[in-house]
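Chemist: Have a look at this one.
The values are calculated or read from the model by the stated rules, or taken from the named source; none is laboratory data. Treat the numbers as computed from the prediction; the structure is a model and nothing was measured. Heads up, the Cβs are rebuilt from the backbone with ideal geometry, glycines too, and the neighbour counts pull from every protein chain shown.
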Amino acid sequence: MPKLAKYLLFTFAASWLLMAIGVRDYENAGAAGMMTFSYSLSACMLMPTIGALIAGADFRKLGWKPVFGNGARYLLIAWLAPTVFAVLGAVVYYIAFPDDFATAGNFVRDIDRDKYIQCQESGGSYTWYVIRELFSSFTSFFIIPSAVLGLGEEIGWRGFMYPELRERFGRTKGVILGGAIHGAWHFPLMLLAGYEYGRDYIGAPILGLFAFTIFCITTGAISNWLYEKTRCIWLCGLFHGAVNSSFDPCILRADGHYERSVFGPMDIGLVAGIPYMIAAFVVLYMQHKHDEADFAGLGEMDS
């Protein structure tokens, strides 16, 4: 069996089994089920690494050397860009849907309401609460475990699968196909547990599957770019973790219109994800022009 097929077979089968177990307990076992669901998701994020190992990936060539010197700017991009994109995406979304913007802290989730009450009790304002949440999105300790779990995925997606796809289909097609595969990996959670967008959004469930696939393609393009520029798999893990723990613009959303979740305000939405889409297009276009220049240069040498 080809390496890529072996990788995909194990990664999807093992992950989907874990997802099914987690969803079962999530639906029927209360707080304990929520914990099992969380643990199953964490375990799923390690399956791409195990899949790459089973497929025979050479882990020595994945790029374990940290970046220094000029490469440090890519470290900053991996760390800070997800928060920047989350904010830009929120701006785009709330411009498109201004009635969804809450100016008085009308929060969607009880946990956010509790955190805001604590902020008020300590003398903080609504504006200060939002600023604190924004700042903590790239300074919180949570980004470290999030990056470690992100690395569990990126070793498989970026370190093993993308080079295999690029060799077979070229850079751009490899990025698109790889992102589609990565998106499809999440589908059981989305269909069975309402993961990411809930259950009652516009166009459910098909539009949500499409939107999240677009998100995986665009973030994958940026992660692939970071990997090619640095050959450092750690940066891919950091970028993945920073995406997962970036600023949540839902704290600015008024109650109501939850059916618009497939559009935003989180960056996984079709509208809020526009900044990611633009960045991915620019990255792929620049890489394509670079490849064309290299090809032309080889042609001139041959002549």
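Chemist: All but one of (1) buried (at least 16 other Cβ atoms within 10 Å of the Cβ); (2) at pLDDT 95 or above hold for Val67; which doesn't?
Modeler: The number of the failed condition is (2).
Chemist: Helices (runs of 4 or more DSSP H) wholly in region 30-104 with at least 3 residues that are within 23 Å of Trp185 (Cα to Cα) and of a type outside the set (A, V, I, L, M, F, W, C) - which ones?
Modeler: 30-44, 47-55
Chemist: Only one residue in Ala14, Ala55, Ala43 is touching a residue at least 60 places away in the same chain (Cβ under 8 Å) and either closer than 25 Å to Gly178 by Cα or outside the structural domain of Ile143 (by TED's automatic domain parsing) (or both). Which one?
Modeler: Every option except Ala55 fails the conditions.
Chemist: Can you tell me which residue within region 70-83, out of those that are in contact (Cβ under 8 Å) with a residue 24 or more places away in the chain and surrounded by fewer than 17 Cβ atoms within 10 Å (Cβ to Cβ), is nearest to Ile268 (Cα to Cα)?
Modeler: Leu80
Chemist: So Gly264 ticks every box in (1) at negative phi; (2) crowded, with 24+ Cβ neighbours inside 10 Å but one. Which box is left unticked?
Modeler: Tallying (1) at negative phi; (2) crowded, with 24+ Cβ neighbours inside 10 Å, Gly264 fails exactly one: (1).
Chemist: Please determine whether any residue of region 121-137 is assigned to a helix (DSSP H, G or I), of a type in the set (Gly, Ala, Ser) and either at pLDDT 80 or above or loosely packed, with under 12 Cβ neighbours inside 10 Å (or both).
Modeler: Yes - at least one qualifying residue is present in region 121-137.
Chemist: Next question, about the same structure. Which residue out of Ala211, Ala204 is among the hydrophobic types (A, V, I, L, M, F, W, C), buried (at least 16 other Cβ atoms within 10 Å of the Cβ) and part of a helix (DSSP H, G or I)?
Modeler: Ala211
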